[in-house]
Amino acid sequence: MSTIFALSSGAPPAAIAVVRISGANAALALRQLAGRLPVPRRAVTATLRDDTGLDLDRALVLWLPGPHTATGEDCAELHLHGGRAVVAAVERALLTIPGLRRAEPGEFTRRAFLNGKIDLAEAEGLADLLAAETEAQRRSALAMAGGAFSRRVEDWRLRLLMLSAEVEAGLDFADDDDVASADCSTWNIAPLRDELAGWLMRPRAEALREGYRVVLAGPPNAGKSTLFNALVEAEAAITSPLAGTTRDVVSRPVAIAGVPFLFLDTAGLRDDAPDLVERAGVTRARTELERADCVLWLGAPGDGPAGAWQIAAQCDRHDHNGVTARHRVSALTGEGLDDLRADLVAAARQALPVPGEAALSERQHRLVSDAERALARAVNMRDPLLVAEELRLARVAFDSLLGRTTTEDMLDALFGRFCIGK
Ligand code: GDP
């Protein structure tokens, strides 16, 4: 396998640039560039030179022999002065060393996985951690990357193995009908099945990644765009007293109290929209209403979609007499906005994964669901042969969760989510 290198710190220029090297020729690379191999795991300063003897930089150098490294391979780190030309010169010099090439996105992490340093669930958590923008995303990803979910799956797997052992012990007596049917009442499959079902009910990681979807809807000129801007605290949508100003859906992700939201401003809903573009906007608005986690309805009460929150907007100039609204707000004076935000945060917390607890990705959800269905079938079976087969299917799902059985495509998809240098 080739030795890979990449700039693992942010884009230059920066104070320091960290180039990581991993693979069998990491030692060779260090010897060529720094002129010697430093004491393992000690940061030393060295002058780096290319193969013509030209000085490239004076750098901090680390030699990290495997297998106790992040990737499990021999590794080296070069902490360079973070100028663009310094990094470029060192990368050019590295490319002249036999067996070295630039790393693909996520390739360091992929090697860590292939060498058993992390399992697949932890790698998925790591990808989310690097992409995390809000506090809620960071905490959930950290739980996944730290192995909280992996430990849970290991526990399920162990319980499953014990169940399989009990059932297969029954198989030895399968000829004897009495023993086989008497024993099946003691196979305690239901508790594990219930636990999996509980996990399937939890909000998913994707919800956390995309944010809680709040759609602002109502007739033209209700004040949707103005309220949208106030909520996202930016001038994202164009407001005007002309009906039909917002023609497309404008969306903006924001974090409120560390919770991720996606606010969407829609075209005013009217059936007599004069032109084609506006009518297309109305159609998109209807689609967004269906996908919304929460709809803020700024129109007449009763006209909004079921479950929408009735908002009495522009309350500084309209008194909304007799209207029962969940919130009375004025985007102009700011009245009621804090209450609306607090209400939204509370609703989102209900719908999104609990911070600090690992949330299942779509892939993980599908596998837990496979296992749960196999166990649900097993619960109702009496023939140990059939039960053993269902338990085996559940075990296959657990193995895939941890990455014990994976396909190249799946690994490409996962590790492609990482940036180069990770
Ligand atoms: P939309 O068509 O529902 O998006 O409505 P806009 O946000 O474009 O608002 C229509 C008009 O009402 C604009 O002229 C806004 O300046 C005005 N407006 C919106 N919200 C308020 C508010 O809270 N108070 C007052 N006084 N005017 C508002």
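The values are calculated or read from the model by the stated rules, or taken from the named source; none is laboratory data. This is a predicted model, so every value here is computed, not measured. Heads up, the Cβs are rebuilt from the backbone with ideal geometry, glycines too, and the neighbour counts pull from every protein chain shown. Remember, those area values only see protein heavy atoms, side chains included, never the ligands or the DNA or RNA. Shrake-Rupley method; radii C 1.70, N 1.55, O 1.52, S 1.80 Å.
Within region 17-31, is there a residue that is of a type in the set (Lys, Arg), open to solvent by 30 Å² or more (accessible area, probe 1.4 Å) and within 29 Å of the chain's Cα centre (by Cα)? Yes, there is a match, as at least one residue in region 17-31 is of a type in the set (Lys, Arg), open to solvent by 30 Å² or more (accessible area, probe 1.4 Å) and within 29 Å of the chain's Cα centre (by Cα). Summed over region 324-340, the residues that are more than 10 Å from the ligand (Cβ to nearest atom) and either outside the structural domain of residue 303 (by TED's automatic domain parsing) or open to solvent by 40 Å² or more (accessible area, probe 1.4 Å) (or both) give a count of 5. Counting the residues of region 357-390 that are open to solvent by less than 40 Å² (accessible area, probe 1.4 Å) and modelled with pLDDT under 90 gives 6.
Filtering region 302-340 to residues that are assigned to a strand (DSSP E or B) and over 35 Å from the mean Cα position of the chain (by Cα) leaves 312, 328.
Residues are listed down the side, and each one gets a yes or a no for (1) closer than 19 Å to residue 329 by Cβ; (2) modelled with pLDDT of 70 or more:
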{"residue": "233", "(1), (2)": "yes, yes"}
{"residue": "247", "(1), (2)": "no, no"}
{"residue": "255", "(1), (2)": "no, yes"}
{"residue": "262", "(1), (2)": "no, yes"}
{"residue": "267", "(1), (2)": "no, yes"}
{"residue": "271", "(1), (2)": "no, no"}
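Being assigned to a helix (DSSP H, G or I), within 15 Å of the ligand (Cβ to nearest atom) and touching a Leu at 6+ places or on another chain (Cβ under 7 Å) is the filter here; which residues of region 196-233 pass it? Give the derivation first.
Step one: filter region 196-233 for residues assigned to a helix (DSSP H, G or I), giving 196-201, 205-210, 224-232.
Going one step further and asking which of them are within 15 Å of the ligand (Cβ to nearest atom), we end up with 224-232.
Matches in region 196-233: 224, 227, 228, 230.
Looking only at region 286-312, which residues are over 19 Å from residue 347 (Cα atoms) and either open to solvent by 30 Å² or more (accessible area, probe 1.4 Å) or of a type outside the set (Gly, Ala, Ser) (or both)? Selection gives 286, 287, 300, 301, 302, 303.
Residues in region 45-78 that are open to solvent by 30 Å² or more (accessible area, probe 1.4 Å) and touching a Phe, Trp or Tyr at 6+ places or on another chain (Cβ under 9 Å): 70, 74, 77.
Among the residues of region 343-356, what is the count of those that are open to solvent by less than 60 Å² (accessible area, probe 1.4 Å) and in a helix (DSSP H, G or I)?
So in region 343-356, the residues open to solvent by less than 60 Å² (accessible area, probe 1.4 Å) come out as 343-348, 351-353, 355-356.
Cutting the leftovers down to in a helix (DSSP H, G or I) gives us 343-348, 351.
Selection size over region 343-356: 7.
The single condition from (1) open to solvent by less than 20 Å² (accessible area, probe 1.4 Å); (2) assigned to a loop (DSSP other than H, G, I, E, B); (3) not charged (D, E, K, R) that residue 98 fails is (1).
Being at pLDDT 90 or above, over 30 Å from residue 418 (Cβ atoms), surrounded by fewer than 22 Cβ atoms within 10 Å (Cβ to Cβ) and not hydroxyl-bearing (Ser, Thr, Tyr) is the requirement here; does residue 171 meet it? Spell out the reasoning first.
On the way: at pLDDT 90 or above: no; over 30 Å from residue 418 (Cβ atoms): yes; surrounded by fewer than 22 Cβ atoms within 10 Å (Cβ to Cβ): yes; not hydroxyl-bearing (Ser, Thr, Tyr): yes.
In short, no.
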